[in-house]
Each structure stands twice: as C-alpha cells, then as structure tokens.
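Undergrad: This is the structure, below, for whatever I ask next.
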Amino acid sequence: MKIDSHHHLWAINDTDYVWMTESHGVIRRDFLAPELNAVLDESGVAGTVAVQARQMVAETEFLLAFADANPRVRGVVGWVPLLENGGEPWLEKFSSHPKLVGVRHVVHDEPDDDFILRPDFNDGIRNLTKYGLLYDILIFWKHLPQTIRFVDMHPDQPFVVDHIAKPRIAAGEFDTDWAAGIRELAKRENVACKISGMITEVRDAEWSADSLRPYFETVLEAFGPQRVMYGSDWPVCLLRGTYAGWVRTVGELAASLSADEQAALWGGNAERIYQL
C-alpha cells in the first residue's frame, strides 16, 4: 500500500502564503480535495500525511478538519507556537485529535541559522514526547551541524527529516558537505528521513533519476530501508515535475530493493513511524 508521507493543501489567498513569488505561479491556486484525489488515484496512493504550509494555529485546524472530511488523509503534521509556553495550551488541545501525528516549524526560513538550538524552542520540543507527537525537521544542508546537536538534546523524541535536508543537487557536483552531515545525523536511531522534495533542489535546468540517484543511495545507506519513506511534496513538486512523474522516479530509484524493503519505503515505514 502506498502512503504519501508529505503533501500540502491550501486555499490560496494574498496574505498567508507570502513565500510564494512570481516564480511559483504554477502552484498559486487552490489545491484541495478534488486535486488531491485526482493525483492519488492516478498513482495508486491509498493514504497520506498532510503537512503544514502556514505558521499559524489556523493551519492546524484547517488540516485536521480536512482530514476529518477526507479519510485518505490519515495523519496531519501541524504547527503550534512552540516558542510560547512550550506550545501549551495548543499541544494539549490538538493532541487529543487522533489524526494529529506531529508538528513542524519552517526552520530553514528563520534568519538565525542557530534557531533550532534556541532554549525556548527546545522547551516546546520537550513537550512533544509527553503528547506522543513527532517533530518534522525542515532544514537546508547547511543546518545539519546544528540539527545534529539539536537531536542529541532529545534522545527520546522521534524525528523525521523532510526532503533529505535539501542538499545542493547539480550535475557533476556531489554535495559532500550534505553527505557527511546526513550520514552523521542518521546514526541517531530516533531519526527517519523522507524521500521527498528532491527535484526542487536541483540547480540544473533538467533533472533525471540518474542525477538524483547518488542522493537517494546516500540516504538509503545511511538510514537503512526501515527509516526512509516516500513523500511527494505535492503541490510544490509541480514546480519541476508531476506527481505521477515523481512516483515513477522513486520507483526507478528503489527498483533494486527487495519486495519487503520497497513495501516499507512506499508506506510501511510511514504507517509505523507516524502511527497512522
């Protein structure tokens, strides 16, 4: 069974998606149930995890309401103000919802590269364990040293790295800084990694499965087949491809895995790690 561990939803407006510029024109429209179901049906994806795209409590409420109305959305990674009172009372309120599986903060957009080490932010992370929630780590490759220190502060907290920590992908150049950091981070058994968001990190005009393969293989070797999971990053992935095209690419990259390993990557790991 295929589970998409990472996609977004939005009803577009002029105030909540300030990260969208003119270059994001193809995704600057509504992406809701009809659009989601169409791409899932096309690629045979049975369930999903919807992930926050706005840093506001209203985003968590929106995603949970959507999940209630759409059974294929089996989990939600929302947002709460972790910097304020350790995320309370929002963590207490939302954790009672059976589909809230984790929270996320857009760390890589913070001007302070050491944001993830802030004491008040880490107070909020400590509360996640109490409520049985995962934390999705959204960073660029350059934040890996800080992220390793961050994870070491929370040995009992489950983490999932989004978009393989966004390396610099370019033809003829392998991001060795990213590789060293991701291998070190993967030594922490409480960290898993999403095979997602890769095509939008390609610096070249064109991309292929072969250009992505060194990054896929590095992640697979580092985390092992039981700590990686498929994610689409839809609709953001539409900036560089299609949903079905990304599914085919992951299938090509994972072709050498055993049947059990492929089943884990495509859905089993997401179901187990997120407790869907």
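Undergrad: Counting only C-alpha contacts under 8 Å and six or more residues apart, can you give the relative contact order of region 2-273 as a whole percent?
TA: Relative contact order for region 2-273 comes out at 19 percent.
Undergrad: Can you tell me which of A53, A11, A186 moves the most in a GNM of the chain? Springs connect C-alpha atoms under 10 Å apart.
TA: A11
Undergrad: If you don't mind, another one. Under a 10 Å cutoff between Cα atoms, tell me which one of V106, V228, V49 has the largest fluctuation in the Gaussian network model of the chain.
TA: V106
Undergrad: Also, I was wondering about something else. Work through the residues other than A11 whose Cβ is under 14 Å from its Cβ and net out their charges, Lys, Arg +1 and Asp, Glu -1.
TA: Numbers: positive: R28, R29, R54; negative: D14, D16, D30, E35, E59, E61.
Combined, the nearby Lys, Arg, Asp and Glu give -3.
Undergrad: Same structure, new question: Residue by residue, what Karplus-based ³J(HN,Hα) values in Hz, rounded to whole numbers, does region 38-48 have, using 6.51, -1.76 and 1.60 with θ = phi - 60° and x for Gly and Pro?
TA: Per residue, the Karplus-derived 3J(HN,Hα) values read 4, 6, 5, 4, 4, 9, x, 9, 8, x, 9 Hz.
Undergrad: For T129 and D152 in the same chain, what is the full-extension length gain: residue separation times 0.36 nm, less their Cα-Cα distance, in nm?
TA: Gain on extension, T129 to D152, equals 6.8 nm.
Undergrad: Moving to a separate point now. Provide the per-residue ³J(HN,Hα) series for region 256-261, in order, calculated from phi with Karplus coefficients 6.51, -1.76, 1.60 and θ = phi - 60°, each as a whole number of Hz, with x at glycine and proline positions.
TA: 7, 6, 5, 4, 5, 5
Undergrad: For labels at E92 and N13 in the simple 7 Å Cα→Cβ model, what's the distance in nm?
TA: Once both label points are built, they end up 2.8 nm from each other.
Undergrad: Between G224, G241, G172, where does the largest GNM mean-square fluctuation fall for the chain, given springs only between Cα atoms within less than 10 Å?
TA: Among G224, G241, G172, the largest GNM mean-square fluctuation belongs to G172.
Undergrad: Compute, for the chain, the length of the dipole vector about the Cα centre, with Cβ point charges of +1 (Lys, Arg) and -1 (Asp, Glu) only. Units Debye, rounded to 20.
TA: Its charge dipole is roughly 480 debye.
Undergrad: Now for a different question. Along the positive direction of the dipole of the chain (beta-carbon charges: Lys, Arg +1; Asp, Glu -1; about the Cα centre), which of H105, A50, V236 reaches farthest?
TA: Value: A50.
Undergrad: Once phi is turned into θ = phi - 60°, what whole-Hz ³J(HN,Hα) does the Karplus curve with 6.51, -1.76 and 1.60 give for every residue of region 20-34, x standing for Gly and Pro?
TA: 7, 10, 4, 6, 9, x, 5, 10, 8, 7, 5, 10, 10, 4, x
Undergrad: Okay, next question. Averaging the inverse of every distinct alpha carbon separation and then flipping it gives the Kirkwood radius. What is it for the chain, in angstrom units?
TA: 18.7
Undergrad: Follow-up question, since we're still on this one. Using the structure shown, select from K130/K166; K99/K130; K93/K187; K2/K130 the pairs with a Cα to Cα distance greater than 22 angstrom. Walk me through the numbers before you get to the answer.
TA: Numbers: K130/K166 29 Å; K99/K130 17 Å; K93/K187 34 Å; K2/K130 30 Å.
In this structure, K130/K166; K93/K187; K2/K130 exceed 22 Å between Cα atoms.
None of the figures in this text is laboratory data; all of them are computed from the coordinates on show. Quantities reported herein were computed from a predicted structural model and do not represent experimental measurements. Quick reminder, even Gly has a Cβ in these numbers, built from the backbone with ideal geometry, and neighbours come from all protein chains shown.
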